1. So if the hydrodynamic radius of the range 102-221 is defined as the Kirkwood radius over C-alpha pairs, what does Stokes-Einstein give as its diffusion coefficient at 4 °C and 1.567 mPa s, in µm² per second?
2. Using a 10 angstrom Cβ neighbour count of at most 15 plus a DSSP loop assignment to flag exposed GluC sites (Glu not before Pro), which longest range of the chain is free of such sites?
3. Within 10 Å of each residue's Cβ, count the other Cβ atoms and sort D60, D2, D80, D177 from fewest upward.
4. To the nearest 500 deg cm²/dmol, what mean residue ellipticity at 222 nm is calculated for the chain from DSSP H runs of n ≥ 4 alone, each contributing -39,500 (n - 2.57), summed and divided by the residues?
5. Under a plain spin-label model, where a point goes 7 Å from the Cα along Cα-to-Cβ, how far apart in nm are Q43 and S90?
6. Cα-based Rg (one decimal) and Dmax (whole number) for the range 3-101, in Å?
7. Using only the alpha carbons of the range 19-63, what is the convex hull's orientation-averaged projected area in square nanometres?
8. How large is Rg over Rh for the chain, taking Rg from the Cα atoms and Rh as the Kirkwood inverse mean of 1/r across Cα pairs?
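Taken together, the values in this text are just the output of simple stated rules run on the coordinates, not laboratory data. Just so we're clear, the structure is a prediction, and the values are computed from it rather than from any experiment. Reconstructed Cβ throughout: ideal geometry from the backbone, glycine too, with neighbour counts over all protein chains shown.
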Amino acid sequence: MDQSYKQLEVKRAIENNIALCERVAIANGVHPVSVDGVWMSLQPMPPYYPNLITTVPKLDISKHLEKLNGLLSPGWGVKDSYSDLDLPASRFGVAVFGNWFSVLINADSHYSLSDDSNVIVVQSGSEFTRWVSAWDPAMEGKIFPADIWRKDDLRFVLVERNNQVVGGFLLNGKRCDIGLSNWFGELDVVSSALSKVIASSQRVVGYANGEELNALSGFGFEPLQAMKVWISH
C-alpha cells in the first residue's frame, strides 16, 4: 500500500469512527459539532466515547481543550487521530496507544467457523440484550440505548456455539467502509464471522492497540497510522 493511498485509508477510517461516535452520541441525546478540524461534543459523552476527535494532523486544539475543561468533569477523552498531540501530563494521560487499521474482506484469507458455530446479526431486543451481556454487562443502558440495534447503519453481531455466545462485534456503515469495534471473544472467531456478514471485497476499518493489532495482522489486518486516546484527570 503506497503512502498516498494509506493516508486516504486513514482519513476514511477516522471518518467512519466519527460516524459511529456521532450515532452513539445522538442516541444518547448528545449533539456534537464539527469545527476547525475537530469533531467535538460540549456535553458529556457515554463511557468509552471521546469528547474530541482530531480529523487532520498537526492541529492546535488548545482553545477547544480549555472550553471542554471548563464544561466537563475529569475523565473525558481526546482521540488523537494522528498521534501528534503533546498534551500536558498535568492534565492528561494516554489510555490507548493504537493504530488505525484496514482489511479487505476475502473469505479465502480467513479461518472458517466450525460447523457448530452460528453467526447472528441482532434483530430483536432479546438478542441485543444477549449481545450487551456478552460484551460488557456493566455497560447495559449506559452506552447503547435499548432500541439502537434498529438503526440501519449499525449491526450488532453475535457468534454462538452450542447456544453459548463465544464472540461478537459491532459494525457501522453500509457502503464502502465498514467500521469494526467493540469486539470480544477469540480473534479467529471475530475474523471468521466478519467474512460471513460482510460482502467480499468490502473494506473493514477501525483501530486497535498494539497487542490486538499484532494478533489481527495474522488475519490480514493492516496497520495504517498510529493514534492515541488521552483521558483528562
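1. 89 µm²/s
2. On the way: sites that count: E140, E186.
Longest run free of exposed loop sites: 1-139.
3. Numbers: D60 10, D2 7, D80 26, D177 19.
Ranking D60, D2, D80, D177 by Cβ neighbours within 10 Å, fewest first, gives D2, D60, D177, D80.
4. My calculation for the chain gives -8500 deg cm²/dmol from helical runs alone.
5. 3.3 nm
6. Every Cα atom of the range 3-101 included, Rg and Dmax give 13.2, 39 Å.
7. Numbers: hull surface 13.1 nm².
Averaging across all directions leaves 3.3 nm² for the Cα convex hull.
8. That ratio is 0.96, to two decimals.
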